[in-house]
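The values are calculated or read from the model by the stated rules, or taken from the named source; none is laboratory data. This structure is a prediction, so every number in the text was calculated from the model and none was measured. Note: ideal-geometry Cβ built from the backbone for every residue, glycine included; neighbour counts use all protein chains shown. In case anyone asks, the SASA skips ligands and DNA or RNA and just uses the protein heavy atoms, side chains included. Shrake-Rupley method; radii C 1.70, N 1.55, O 1.52, S 1.80 Å.
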Amino acid sequence: MGGPLNFRRWLVLLAACYMGTATVGCGSDDQTGIGENIGKSSSALVLTQRVTLSVPRGADFRAVGWAANGSLQVGDRAQLQTATGFAPSWNTATTLSDFGVTSQMGSITSFAPVNLRDRATVTGSVVSGGAITKGNGAVITGTATPFVVFPALDQTSWSVSFTQSTQNVTLTRGQVSSLTPGSYSNLVVNASAELTLRSGTYFFDSFDLEPQATIKLDQSAGPVFIYVSNGVVYRGAVTPVSGPIQADKFILTLLGTTPTVIESTFNGTLVAPKAAVRLGVGGGIHSGSVFAKSLQVDPDVRFKVRPVLRLGQDRVRCDAVAQLRGEASRQHICCGSRLRQSEPETSDDRHRQRE
């Protein structure tokens, strides 16, 4: 009997599997025993914030495309796709789950009442803590189960520690530059400028990517993790340095409560547990996944789920980090592979985690 897939361990294991610049370890301020340290030094002021997500029990974060813990509003004709069909979404709050006219998605899990507007199609089942309302021509291909009493949520969290920085990074029009992983204050990339980021972890107080500006990701050594404590302006392009888009290797985490609008194509995993996110149409098909406090999807958005963890990664390294395991009878994901059910964690296990 598998338990919930732990989202916090997923990010930590992902960083370990790709050997990014973030350091995984235990800190006295991290009650989970797992932390991420960014540009840490003994003399600098170190700040720590905790990222917490609410996950339905038994949910598979690799499959979900849109996840909210407030309200989930999907615009008319929006689509949440997989490579061969439609992907699931969930809302773990009781506020609102509304799906627009002719929208298309996979199964829905919602603590809130679910409203399917005219001709909306759910390829799968709908499970709701309230009523399920169907407009004219709305279709649910699977079962519809209203007024469900859900079990307690799985609260997953991890800590991120970073040095406070006063170094602003501003690229003027047409400027080309690169930035090494670490902590910075405010980032501004103006029109026609180009900034390259490489595999590793970055922290910014604010993030401003203007129209016609470009951030290029060098993901040759693994994912690029970006943490932002305050506002995000996302109007430009984020593309790989070379080759195809690798949405599974770009993770953008918003630590603050400032509402964020994604106004151009997004390819990656967006984590915003305290903020409202609006997913705009942009210039093409979005890909990846979004985990937000509240999520509004604009009309005509097409979003293709690209799980961050993929099957067939380095099992040797996966076996090593499999020491990061929790209670008995839980199944965990390491580099995309489902591990055997673990035995209860022992003091020797915890010692090996710290090594």
Task: Tally of residues being open to solvent by 10 Å² or more (accessible area, probe 1.4 Å), farther than 15 Å from Ser178 by Cβ and in a strand (DSSP E or B) across the range 191-250 - done: 5
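Residue by residue, here is whether (1) small (Gly, Ala, Ser); (2) out of contact with any Pro (no Cβ under 8 Å at 6 or more places or on another chain) holds:
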{"site": "Gln104", "(1), (2)": "no, yes"}
{"site": "Ile108", "(1), (2)": "no, no"}
{"site": "Thr141", "(1), (2)": "no, yes"}
{"site": "Ser157", "(1), (2)": "yes, yes"}
Open item on the list: Among the numbered criteria (1) over 20 Å from Ala78 (Cα atoms); (2) part of a strand (DSSP E or B); (3) within 17 Å of the chain's Cα centre (by Cα); (4) not aliphatic (A, V, I, L, M), which one does Phe291 miss?
Closed with: (1)
Open item on the list: Return the residues of the range 110-150 that are open to solvent by 30 Å² or more (accessible area, probe 1.4 Å), of a type in the set (Val, Ile, Thr) and assigned to a strand (DSSP E or B); say none if nothing qualifies.
Closed with: Thr121, Val127, Ile132, Thr133, Val139, Thr145
Open item on the list: If Ser157 satisfies all but one of (1) in contact with a helix residue (DSSP H, G or I) (Cβ under 7 Å, 6 or more places away or on another chain); (2) under 20 Å from Ser264 (Cβ atoms), what's the number of the condition it fails?
Closed with: (2)
Open item on the list: Return the residues of the range 151-178 that are open to solvent by less than 40 Å² (accessible area, probe 1.4 Å) and part of a loop (DSSP other than H, G, I, E, B); say none if nothing qualifies.
Closed with: Ser165
Open item on the list: Where the second residue is open to solvent by 40 Å² or more (accessible area, probe 1.4 Å) and of a type in the set (Gly, Ala, Ser) and the first is free of Cβ contacts under 8 Å to residues at least 40 places away in the same chain and within 19 Å of Trp90 (Cα to Cα) and lies in the range 128-139, which pairs have Cβ atoms under 7 Å and are six or more apart or on separate chains?
Closed with: Ile132/Ala144
